[in-house]
Amino acid sequence: MTHTSADLLEFESLRELLVRYAGSAMGRAEVSKVRPAADRSWLAETHALNTEAIEYLRAAAKPQPAARGAAVRLRFLDLPDSREAAGKLRIEGAVLEGKEIFDLLSLLDRAADTRMLLMSVRERFPLLSAKAARMGEMRPLLRELSGRIQPDGSLADDASVALHRIRRGIEKQKRLIQDSLERFLRAHRSDGVLQEDFVTLRNDRFVVPIVTGQQGRVEGVIHGSSGSGHTLFVEPFETIELNNELVRMTEEEAREAHRILREMTQRLRRHSEEIAASIEGMGELDWLFGKATFAADFECSIPRFSPPDAPRLHLDAARHPLLEDVLRRQRKPVVPISLTLDPDCRTLLLSGPNTGGKTVALKTVGLLALMAQSGIPVPASEAEFPVFEQVLADLGDQQSIAESLSSFSAHIRRVKEILEIVTQDSLVLLDELGRATDPEEGGSLGVAIIEHLCSWKAFTLASTHLLALKVYGARREGVINGSMGFDRETLQPTYRLRLGAPGESAGLAIAQQLGMPGDLVEKARAAMSTRERDLSDFLAQLQERTAALAAAAERLEEQRQSLSERERAVAREWEQKESAKLKELERRVEVLMGNFEEQARQTMDTILAGAQQRKAAEQARRKVAGTMREMRHQFQATVLPAGDAARQGELAQPLRLAEGARVRLRNVREPARVRRRLSDDRLEVETGFLKMQVPIDDVLEVLPEGAAGSPLPANVSFQPAGPRWDVSHREINLIGKRAEEAVQEVDKFLDQAVMASVSRVRIVHGHGMGVLKRAVAMLLAQHPHVEKFYAAPQSEGGSGATIAELKE
């Protein structure tokens, strides 16, 4: 956008409000970059991302099981700011400090968790997952470098074999020095040489405190004295060589530490592009989800943008975010505004009482337009804007003594600048048009200015108290009057915007309400001409009638909604009753069919027990099955409603036994293929090398082509080989794995541990965002082999690992 009037519309104050929703320094930096833009493709992409982020937060707020594809609330609070460290990686030869590397790895670990979580929901949130995918996969690098640097930036003892050896040597050397000095203290404990009975450090060397004046009785080197001068710190000759060796080993430790840091820096430098992308991506995601949180807090909506050939400005229940933020702290409600401007009516003239909210209404429209074109959700129930090339505003009194500008001259100069650059793609906001001069001349000038803006087809909102402009708004096609409400009984503005009629200024009433003496107000009212009083009364009556019509329209809308809801409730009640009746009919039919089947089985058992006529028994069985099918078809045709096709489909359908169809037979494991139909109740089928004739009632189901039967019975399965267990390693490392993969590995790990008679195991999952830790905890809480589990002690990893004790 070329002109935004951002200073007059308090866009910087809005930015300060939005900064509160960024959790990290990178997110706050993204907020500082926010600018209004006129690129439609960028706006569409940005608001599509906003929509997904809002939906993601809603999904994450709902209770859901911890599983792959579940939305998990992302955390960006206290995210390390590693932008400077990433910049150093671009400088060849630069070596990062230990703390810089630790913070960078912590950030990359958080980024990897965030990437994993968003990639797992790619089907539901494709834009978010695509943005996360650009951060790159850093898990292999993290597995290689993690654990080598402590949170304070110091290197861990096992950062390298050499460092571990050197530090063990240093500890041993310190013990030798300590033993030597303790022997020295014991030797001089009773001869009055020692000031205190302890060992201390001076200039990184171990010394003992000696009474000043007694140094001649001790052979050693003086390394300093106390502030009072009563104590000298002496290094005995017998520990000098030991201290020298300690200094040499300390320098060797520093060289090894520098080598390790240089090596780790080089390793990170090879991935500098991916690291930079991850840092940038985390900042953008922080800002994106900050906007989503802001949208939830302020009940915002995603704005739409009207096409260029049919521009439209529509706001429903719009609120000024800065005003709403202030009123929330004061526990006061904010009054929303609603308006619509389109190609046939692009100009709104606002009138009404002083302090009635006209200027706030103009600022609300202007600021929300800037927010929409900055990719920010707007606080409104519904919002639609044209894509403005510029927002031009003249708000407030800009008089300047230094520049010799009066209120009127400052107003006219600003309006002149607007008229010189206005286009049909402009939004123009003019507060108190024609103010600070003679009302008649100011009104005529205001009419000319609005007419000029109408000729440019610019969307214009102007506030005024001038009669000429109110009359112009009532007569001019393409211009509409609007008024801010005023309650004449309480002498208070209502701050409600109504379209279609001008409003009264109510200057005398407002003056009286603000404390002006009543006698002065009455004198002013008496001094008004008859025409002015009549006009004021007419506007007041018009305002009251407009308010009454609006109230009647609201009541009609409420009644319409009530009737619609009642109609839906009656429809739901009818559906529930019909469904209950149908379920009862189904239940009764099932009972009858069950009784019939039981009686049929008893009859067949009697036939089989009383005679050896298998043929008669088989015929009886087929007759029973046929009768059951007939009963089901009769039920389907007579009981179920004709239109309830979905419920009819739930009942058994007649089998389609065409020649060549693959079928499954009763008591035959392998699928068979139909060769031909012999009669209404018999088939010739082929299974493997065997041909046979079977009754149709033995056909259990028709198989789709390509479906193969199980080569083994259902109760036969193969088990993997027995557990392999190294008793010297009773832990599993899950760092870098996805939650679902980690849970499967832990489950298998616990089975092997139990079979190997292990009673206690350690599960290392790291810190990160806590995804792995929560998934492991959920598994352990319900695992049959686990007696109890708890966080590991600090010596075994602290909260980055979990100890599980297994049942005997």
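The values are calculated or read from the model by the stated rules, or taken from the named source; none is laboratory data. Source: prediction; values computed, not measured. For neighbour counting, all protein chains shown are included, and Cβ atoms are generated from backbone atoms with ideal geometry for every residue, glycine included. Protein only, heavy atoms only, side chains kept; ligands, DNA and RNA dropped before computing areas. Shrake-Rupley method; radii C 1.70, N 1.55, O 1.52, S 1.80 Å.
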Would you mind finding the one in GLY283, GLY227 that is among the small types (Gly, Ala, Ser) and touching a residue at least 12 places away in the same chain (Cβ under 8 Å)?
-> GLY283
HIS47 passes all but one of the listed conditions (1) open to solvent by 20 Å² or more (accessible area, probe 1.4 Å); (2) part of a helix (DSSP H, G or I); (3) touching a Gly at 6+ places or on another chain (Cβ under 9 Å); the exception is number (1)
Can you tell me how many residues in the range 322-376 are in a helix (DSSP H, G or I), in contact with a Phe, Trp or Tyr (Cβ under 6 Å, 6 or more places away or on another chain) and of a type outside the set (Gly, Ala, Ser)?
-> 1
Restricting attention to the range 518-533, does a residue exist that is within 30 Å of LEU453 (Cβ to Cβ) and at pLDDT below 70?
-> yes
Filtering the range 264-318 down to residues that are in a strand (DSSP E or B) and of a type outside the set (Asp, Glu), which residue is most open to solvent (accessible area, probe 1.4 Å)?
-> ARG304
Verdict on VAL221 being touching a residue at least 40 places away in the same chain (Cβ under 8 Å) and either surrounded by 14 or more Cβ atoms within 10 Å (Cβ to Cβ) or not acidic (Asp, Glu) (or both) | no
If we keep only residues of the range 142-168 that are polar (S, T, N, Q) and at pLDDT 90 or above, then the residue nearest to LEU104 (Cα to Cα) is GLN150
Answer yes or no as to whether LEU683 is at pLDDT 85 or above, more than 41 Å from the chain's Cα centre (by Cα) and either not small (Gly, Ala, Ser) or not in a strand (DSSP E or B) (or both).
-> yes
Which residue pairs have Cβ atoms under 7 Å apart, sit 6 or more places apart or on different chains, and have a first residue in the range 329-348 that is closer than 22 Å to PHE298 by Cα and open to solvent by 40 Å² or more (accessible area, probe 1.4 Å) and a second that is among the acidic types (Asp, Glu) and outside any loop (DSSP other than H, G, I, E, B)?
-> SER338/ASP316
Looking at (1) modelled with pLDDT of 85 or more; (2) in contact with a helix residue (DSSP H, G or I) (Cβ under 7 Å, 6 or more places away or on another chain); (3) crowded, with 24+ Cβ neighbours inside 10 Å; (4) not small (Gly, Ala, Ser), which is the only condition VAL415 fails?
-> (3)
Is the range 150-160 home to any residue that is open to solvent by 20 Å² or more (accessible area, probe 1.4 Å), touching a residue at least 24 places away in the same chain (Cβ under 8 Å) and in a helix (DSSP H, G or I)?
-> no
Some residue of the range 299-306 being farther than 24 Å from ARG15 by Cα and of a type outside the set (Lys, Arg) | yes
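Residues are listed down the side, and each one gets a yes or a no for (1) at pLDDT 85 or above; (2) within 16 Å of SER146 (Cβ to Cβ); (3) surrounded by 15 or more Cβ atoms within 10 Å (Cβ to Cβ); (4) of a type outside the set (A, V, I, L, M, F, W, C):
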{"position": "VAL776", "(1), (2), (3), (4)": "yes, no, yes, no"}
{"position": "GLN782", "(1), (2), (3), (4)": "yes, no, no, yes"}
{"position": "ALA792", "(1), (2), (3), (4)": "yes, no, yes, no"}
{"position": "GLY798", "(1), (2), (3), (4)": "no, yes, no, yes"}
Filtering the range 221-263 for residues that are under 59 Å from the mean Cα position of the chain (by Cα) and of a type in the set (A, V, I, L, M, F, W, C) leaves a count of 7
How many residues of the range 229-241 are assigned to a helix (DSSP H, G or I) and surrounded by 21 or more Cβ atoms within 10 Å (Cβ to Cβ)? The answer is 1
Look at the range 436-460 and say how many of its residues are in contact with a Gly (Cβ under 7 Å, 6 or more places away or on another chain) and either closer than 10 Å to ASP394 by Cβ or open to solvent by less than 30 Å² (accessible area, probe 1.4 Å) (or both).
-> 4
Quick one: ARG167 ticks every box in (1) surrounded by 17 or more Cβ atoms within 10 Å (Cβ to Cβ); (2) in a loop (DSSP other than H, G, I, E, B) except a single one, so which number is it?
-> (2)
Determine the pairs where a residue that is closer than 13 Å to VAL391 by Cα, located within the range 405-424, has a partner that is aromatic (Phe, Trp, Tyr) with Cβ atoms under 8 Å apart, the partner being 6 or more residues away or on another chain.
-> VAL422/TRP456; THR423/TRP456; GLN424/TRP456
Among strands (runs of 3 or more DSSP E) entirely within the range 760-808, at least 2 residues that are within 29 Å of the chain's Cα centre (by Cα) occur in 801-806
Quick one: which residue in PRO386, PRO353, PRO377 is in contact with a His (Cβ under 9 Å, 6 or more places away or on another chain) and either at pLDDT below 90 or not charged (D, E, K, R) (or both)?
-> PRO377
When (1) loosely packed, with under 12 Cβ neighbours inside 10 Å; (2) at pLDDT 85 or above are applied to ARG673, the one that fails is (1)
